[in-house]
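This report concerns only the one structure given below.
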Amino acid sequence: MNERDTIDACLAHCRTIAVVGLSPKTHRDSFRVSQYMQARGYRIVPINPNASEILGERVYATLSEAAQHERIDMVNCFRNANDIAPIAQEAVAIGAKALWMQLGIAHEAAAQQARNAGLWVVQDRCLKVEHALHPPRAVAG
């Protein structure tokens with residue numbers, strides 16, 4: 001599957017998005033991207049060990065904790081590239097469909113590990129921008 005098809009599949013089939021590093025600060029990109037996606041019908045599951053509620057949603061300290069209460073389709077990462085490998089491992093462990101690394105974030109080894117486990121992987125792309133430019137369409141897969 002090429003990158004465009006992967007992005008389209010993520011947007012069409014991943015309706016519940018765990019956002020690792022979601023900030024409660026309204027000026028932060030993680031907040032704005034999540035707010036945009038929430039306003040378009042996606043369920044946002046905030047992952048931040050230092051908050052209790054963001055965007056009206058309960059916040060979880062870890063992906064594993066969130067997965068005990070929510071079905072996670074996509075893991076959207078707002079963390080440094082050095083933090084991605086354990087996040088990718090957790091995404092695989094909880095059975096997520098996709099691992100998305102926001103603009104400026106890439107980790108090829110972690111991406112390959114997630115792909116090998118069957119996840120769709122997008123690196124160095126903004127979820128909000130991709131959704132705005134290419135709204136979901138029906139895709140196979």
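I want the local charge near LEU63. Using Cβ-Cβ distances under 11 Å, sum +1 for each Lys or Arg and -1 for each Asp or Glu among the other residues.
Computed value for this residue: -3.
Have a look at CYS77, HIS107, PHE31 and report the one farthest towards the positive end of the charge dipole of the chain, computed about the Cα centre with Cβ charges (Lys/Arg +1, Asp/Glu -1).
It is PHE31.
Considering the options GLY95, PRO135, ASN116, tell which one lies farthest towards the positive end of the dipole of segment 73-141, charges being +1 on Lys and Arg and -1 on Asp and Glu at the Cβ, about the Cα centre.
So the residue furthest toward the plus end is PRO135.
Quick one: which residues, 5 or more positions from TRP120 or on another chain, have an amide H under 5 Å from its amide H? H modelled 1.01 Å from N in the peptide plane, none for Pro or chain starts.
ALA98, LEU99
Dipole magnitude of segment 3-133 about its Cα centre, charges +1 at Lys/Arg Cβ and -1 at Asp/Glu Cβ only, in debye to the nearest 20?
My answer is approximately 300 debye.
Normalised by the number of residues in segment 3-133, what is the relative contact order in percent for Cα pairs under 8 Å and 6+ residues apart? All intermediate terms of the calculation are to be shown ahead of the outcome.
Details: 244 pairs, mean separation 30.5, N = 131.
Computed value for segment 3-133: 23 percent relative contact order.
Using the Cβ atoms and a cut-off under 14 Å, what net charge is assigned to the surroundings of ARG28, where Lys and Arg are +1 and Asp and Glu are -1?
+3
Excluding ILE7 itself, calculate the net charge of residues whose Cβ lies under 10 Å from the Cβ of ILE7, where each Lys or Arg counts +1 and each Asp or Glu counts -1.
-2
DSSP beta bridges in the chain, what fraction antiparallel, as a percent rounded to 5?
10 percent
Pick the calculated Cα Rg over 2.2 N^0.38 Å for this structure from (1) 1.12; (2) 0.94; (3) 1.19?
Evaluating Cα Rg over 2.2 N^0.38 Å on these atoms matches (2).
Determine the calculated [θ] at 222 nm for the chain from helices alone, applying -39500 (n - 2.57) to every DSSP H run no shorter than 4 residues and normalising by the residue count; nearest 500 deg cm²/dmol.
Computed ellipticity for the chain at 222 nm equals -10500 deg cm²/dmol.
Under 1.5 on a/c is rounded, so check that first for segment 36-111, then, if it is not, pick prolate when a/b is larger than b/c and oblate when it is not; a ≥ b ≥ c are the square roots of the alpha carbon gyration tensor eigenvalues. It would help to have the intermediate numbers written out before the result.
Working: a/c = 1.56, a/b = 1.40, b/c = 1.11.
Note, shape of segment 36-111 comes out prolate.
Every number here is computed from the coordinates shown, using simple stated rules; none is lab data. Please read all numbers here as calculations on a predicted model, not as lab measurements. Glycine also receives a Cβ, built like all others from the backbone with ideal geometry; neighbour counts cover every protein chain displayed.
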